[in-house]
1. With +1 on each Lys and Arg Cβ and -1 on each Asp and Glu Cβ, how big is the dipole of the chain about its Cα centre, in debye rounded to the nearest 20?
2. Any idea what the relative contact order of the chain is, in percent, if you count C-alpha pairs under 8 Å spaced at least 6 apart?
3. Take the alpha carbon gyration tensor of region 77-145, find the square roots of its eigenvalues, order them as a ≥ b ≥ c, and report rounded if a/c is under 1.5; if not, report prolate when a/b exceeds b/c, else oblate.
4. Which of ALA107, ALA70, ALA46 moves the most in a Gaussian network model of the chain with Cα springs under 10 Å?
5. Out of GLY51, ALA86, ILE71, whose Cα points farthest toward the positive end of the dipole of region 25-103 (charges: +1 Lys, Arg; -1 Asp, Glu; placed on Cβ)?
6. So for the pair ARG8, ALA159, with labels modelled 7 Å out along Cα→Cβ, what separation do we get in nm?
7. So, taking all protein chains as they sit and a 1.4 Å probe, how much accessible area belongs to LEU131, in Å² rounded to tens?
8. How high is the relative contact order of region 57-97, in percent, with contacts defined as C-alpha pairs under 8 Å that are six or more residues apart?
Amino acid sequence: MHEFSELRKQADLFFEMGFENQRNGRLKGAVGCYKKSLEFASTAEAHTYLGWAYALLGKLDDAITECKKAIAADPNFGNPYNDIGAYLIERGSLDEAVPWLERAIKAGRYQERMFPHYNLGRIWEIKGRYLKARECYRAALKENPRYKSAWMALARVQAVMN
């Protein structure tokens, strides 16, 4: 038991260092730290954040692969489902993104459900399905009434509908 907790402490330390690097724009440093964290413990969080760093570096295939590893590590963790959906939107694979975002909304361990609602709204807005987009943006705002991007998107969709 002691060995496991020491490994987890090391994993957490490198994860925090990775996050600090990423927050300060040092993406390659973040990638290195997340990989080191994963050497100590394979966590959904480290895979997800490694994926996010890859996405910011323009490596969407690697980002999606890491998110799928995160899901394998913890299927209840919502972040990687949303992230896969967002990366697929970035690629223009809108229909492929929808089920990932729907799974994010239903995930048991997810505190930021406004993001998949918002991302679904983006898809419906791009497709010209403004009523569905408005519904999604409203759902995002129900999750977080201070989510500025959702307010702007809702205003944009309502202007198109008027």
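The values are calculated or read from the model by the stated rules, or taken from the named source; none is laboratory data. No experiment lies behind these values; they were computed from the predicted model shown. Neighbour counts run over all protein chains shown; Cβ positions are idealised from the backbone, glycine included. To get the accessible areas, we keep the full protein, side chains included, count just its heavy atoms, and leave off ligands, DNA and RNA. Shrake-Rupley method; radii C 1.70, N 1.55, O 1.52, S 1.80 Å.
1. Charge dipole, the chain, about its Cα centre: 680 debye, nearest 20.
2. 12 percent
3. It comes out oblate by the Cα gyration axes.
4. Result for the chain, Cα springs under 10 Å: ALA107 fluctuates most.
5. After comparing all options, I get GLY51.
6. 5.0 nm
7. About 110 Å², rounded to the nearest 10.
8. So the answer I get is 33 percent.
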